[in-house]
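Working notes, structure below.
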Amino acid sequence: MPKDQQTTAYIEVPKIVTNEKIRTYIDDGYLVVPELVTNDELDVLKADVTKLARGEYPADNLQTLSAQTTDEEVAKHVLCIHNPHAISPVILKYAIHSRICGVLSQITAAHLAHWDGSVKLMQSMFFVKPPDFQGQAWHQDEVYIPTRDRSLIGAWIAIDDANIDNGCLRVLPGSHRSGYLYPQRPHNRPNEFDLADESFGDFDESSEVLVEVKAGSVVFFNGHLLHRSYKNRSKVYRRALVNHYMNAWSQSPWRPQEGVKIAKTDFRAITPVAGIDPYAWRGTDATPQEWIHMRLCQANESTLKPPKDA
């Protein structure tokens with residue numbers, strides 16, 4: 001690499017999983033690593049979502065709840081906050097968590113023979129999923145965050161125990177292998193799933209695996225892996241911080257640029273988390289303000305609206 005295109009400093013992270021676990025991820029498209037996040041760290045994350053919802057981290061497009069909203073009301077009404085890492089140093093801390101990024105440095109692009117373990121953060125989402133709220137039908141994250149080398153990976157941090165009752169993740173092992181992106185259509189189960197379209201096609205739902213995990217576990221899954229979740233039928237929350245990453249050597253065509261060929265388009269609102277950033281000479285961009293927003297639970301919106309002046 002030319003001297004004027006040198007990378008940033010190398011980011012060292014610990015090696016966490018065995019070669020056998022790496023192979024499991026490559027073959028199955030997902031991997032569960034328990035106890036990556038401590039109980040004290042989970043408490044910090046729980047507290048931060050209320051700060052975000054009340055507008056303690058200002059953002060132009062984050063329509064927030066009243067400062068007088070109680071913690072319980074926040075948890076009851078907030079479904080998801082998109083890209084909180086862009087405004088909250090707490091969320092960013094856990095998006096670049098050394099043990100989580102250590103696993104990422106081993107598996108993100110392990111399907112590529114000469115990958116060196118370099119990884120970059122693309123986005124974050126803080127899900128609350130209160131009781132009675134729907135899940136999401138079959139989908140593949142790569143539909144929404146495109147990569148060129150099939151290295152998109154989600155790191156799903158379980159802030160609460162996730163089980164069949166409160167709507168844990170469900171996956172189809174191996175459904176990522178071909179790299180095929182299934183077509184999508186509206187589903188006909190509005191009581192079970194939210195408004196997002198479902199992926200459909202020639203895949204066997206009978207091989208579905210329920211990913212029940214304890215709080216503090218992290219579920220890593222490939223962007224082409226078919227996954228879904230059912231409605232939360234319990235009386236407890238199913239909170240999770242979900243961050244998406246990819247191979248740092250691969251450019252991303254996520255945000256097309258006028259006048260730039262798609263092969264040269266590279267989304268640069270990123271954060272290096274392991275290894276090097278080969279494109280550091282290009283600089284980085286801020287996360288677009290319109291991408292930082294909050295979704296309320298539709299069933300509860302009528303009883304708790306954000307203030308008009310938010």
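Where a number appears in this text, it was derived from the coordinates with a stated rule and is not lab data. What you are looking at is a predicted structure, and each value in this text was computed from that prediction instead of being measured. Methodologically, a virtual Cβ is constructed for each residue, glycine included, from the backbone with ideal geometry; neighbour enumeration extends over all protein chains shown.
General observations
- Asp48 meets each of the listed conditions (1) part of a helix (DSSP H, G or I); (2) more than 20 Å from the chain's Cα centre (by Cα) apart from (2).
- Single residue of the stretch 129-172 satisfying the filter (β-branched (Val, Ile, Thr), touching a helix residue (DSSP H, G or I) at 6+ places or on another chain (Cβ under 9 Å) and within 26 Å of Trp254 (Cα to Cα)) that is surrounded by the most Cβ atoms within 10 Å (Cβ to Cβ): Ile153
- Which numbered condition Arg239 misses (of (1) out of contact with any strand residue (DSSP E or B) (no Cβ under 8 Å at 6 or more places or on another chain); (2) surrounded by 19 or more Cβ atoms within 10 Å (Cβ to Cβ); (3) under 24 Å from Leu52 (Cα atoms)): (1)
- Some residue of the stretch 187-195 being among the polar types (S, T, N, Q), free of Cβ contacts under 8 Å to residues at least 60 places away in the same chain, surrounded by fewer than 22 Cβ atoms within 10 Å (Cβ to Cβ) and outside any helix (DSSP H, G or I): yes
- Per this entry, Tyr30 is counted among residues that are closer than 17 Å to Trp156 by Cα, under 21 Å from the mean Cα position of the chain (by Cα) and surrounded by 14 or more Cβ atoms within 10 Å (Cβ to Cβ).
- Of the residues Asp132, Asp116, the single one that is within 25 Å of Arg228 (Cβ to Cβ) and in a loop (DSSP other than H, G, I, E, B) is Asp132.
- Filtered by the rule that a residue be closer than 27 Å to Ile11 by Cα and either surrounded by 13 or more Cβ atoms within 10 Å (Cβ to Cβ) or out of contact with any Asp or Glu (no Cβ under 9 Å at 6 or more places or on another chain) (or both), the stretch 277-290 gives Asp277, Pro278, Tyr279, Ala280, Trp281, Gly283, Thr284, Asp285, Ala286, Thr287, Pro288.
- Test: Ser229 is of a type in the set (Ser, Thr, Tyr), closer than 15 Å to Ile159 by Cβ, touching a Gly at 6+ places or on another chain (Cβ under 7 Å) and surrounded by 16 or more Cβ atoms within 10 Å (Cβ to Cβ): yes
- Pairs linking a residue in the stretch 71-89 that is closer than 12 Å to Phe133 by Cα to a residue that is surrounded by 18 or more Cβ atoms within 10 Å (Cβ to Cβ) and of a type in the set (Gly, Ala, Ser), with Cβ atoms under 6 Å and 6 or more positions apart or on different chains, are Val78/Ala53.
- Restricting the stretch 254-274 to residues that are within 26 Å of Phe126 (Cβ to Cβ) and not aliphatic (A, V, I, L, M), the residue that is surrounded by the most Cβ atoms within 10 Å (Cβ to Cβ): Pro272
- Odd one out for Asp43, checked against (1) acidic (Asp, Glu); (2) farther than 21 Å from Ala286 by Cβ; (3) in contact (Cβ under 8 Å) with a residue 40 or more places away in the chain: (3)
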